[in-house]
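S.K.: Next up is a structure, given as structure tokens.
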Amino acid sequence: MATSQVETVNTGADKAKLAAVVALVIASVAGFYLLGKQGAVVQWAALIVGLVAAAAVFLMSESGRQFVAFAKDAWREVKKVVWPTRKETLQMTAYVFAFVVIMALFLWFTDKTLEWVLYDLILGWRKS
């Protein structure tokens, strides 16, 4: 990641911005339910406008700027990943399916063998 320093200092203004974000989210959800008689368009508009406003206030806070920096660093790291080709993906998927089938057959065979040994040979309970 590009930034290696950790800052835990929050100013009063930053805390006020985060409190405003929480208040905007609560007001948006409350407005959605309180405006039920106004129609679905008004409800959804109130919710979306409130959530967009909350996101804007959050992005102006220090926590929001740190989140954006983290997201940019994460996206930069994702671009460095060497993704498997379609052929490699299909081959690995086939290997997993084959292993699952073989393991299922092994467990079924083991179960039936133990059932035969315990119930037929040791206990003498024959199935009718």
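The values are calculated or read from the model by the stated rules, or taken from the named source; none is laboratory data. Everything quoted here is computed from the prediction, not taken from an experiment. Here Cβ is always computed from backbone atoms with ideal geometry, including for glycine, and neighbour counts include all displayed protein chains. Keep in mind that these areas ignore ligands, DNA and RNA; they rest on the heavy atoms of the full protein, side chains included. Shrake-Rupley method; radii C 1.70, N 1.55, O 1.52, S 1.80 Å.
S.K.: Given labels modelled 7 Å from the Cα in the Cβ direction, how far is it in nm from Val100 to Ala74?
M.R.: Calculated label separation equals 2.8 nm.
S.K.: Another question, if that's okay. How much of the calculated P(r) for region 86-127 lies past 11 Å, in percent of all Cα pairs? Working shown, then result.
M.R.: Details: 586 of 861 pairs.
Of all Cα-Cα pairs in region 86-127, 68 percent lie more than 11 Å apart.
S.K.: Cut-off under 28 Å on the C-alpha distance; same-chain residues fewer than 8 positions from Lys72 excluded. Which lysines are left, in chain and number order?
M.R.: Cross-link targets: Lys15, Lys17, Lys80.
S.K.: A follow-up question, please. Would you rank Ser63, Ser28 by solvent-accessible area, highest first, keeping every protein chain in place and using a 1.4 Å probe?
M.R.: On the way: Ser63 35, Ser28 5 Å².
So the residues, ranked largest to smallest area, are Ser63, Ser28.
S.K.: Carbon and sulfur atoms: what percent of the 1.4 Å accessible area of the chain do they account for? If you can, show how the numbers build up before the last one.
M.R.: Values: 7750 of 10660 Å².
Carbon and sulfur atoms account for 73 percent of the accessible area of the chain.
S.K.: Whole percent per 10 Å bin, from 0 to the bin with the longest distance: what is P(r) over all C-alpha pairs of region 59-128?
M.R.: In whole percents, the pair-distance histogram is 16, 17, 15, 15, 14, 11, 9, 3.
S.K.: With only alpha-carbon pairs counted, each pair once and no self-pairs, how large is the Kirkwood hydrodynamic radius of the chain in angstroms?
M.R.: Details: mean 1/r = 0.0468 Å⁻¹.
Here the Kirkwood hydrodynamic radius works out to 21.4 Å.
S.K.: Given a 1.4 angstrom probe, what's the average accessible area per residue across the chain, in square angstrom?
M.R.: Numbers: 10660 Å² over 128 residues.
Per-residue accessible area for the chain comes out at 83 Å².
S.K.: Please arrange Leu118, Leu18 by accessible surface area, largest first, computed with a 1.4 Å probe and ligands excluded. Provide the component values of the computation, followed by the final result.
M.R.: Working: Leu118 85, Leu18 55 Å².
Heavy-atom accessible area, descending, gives Leu118, Leu18.
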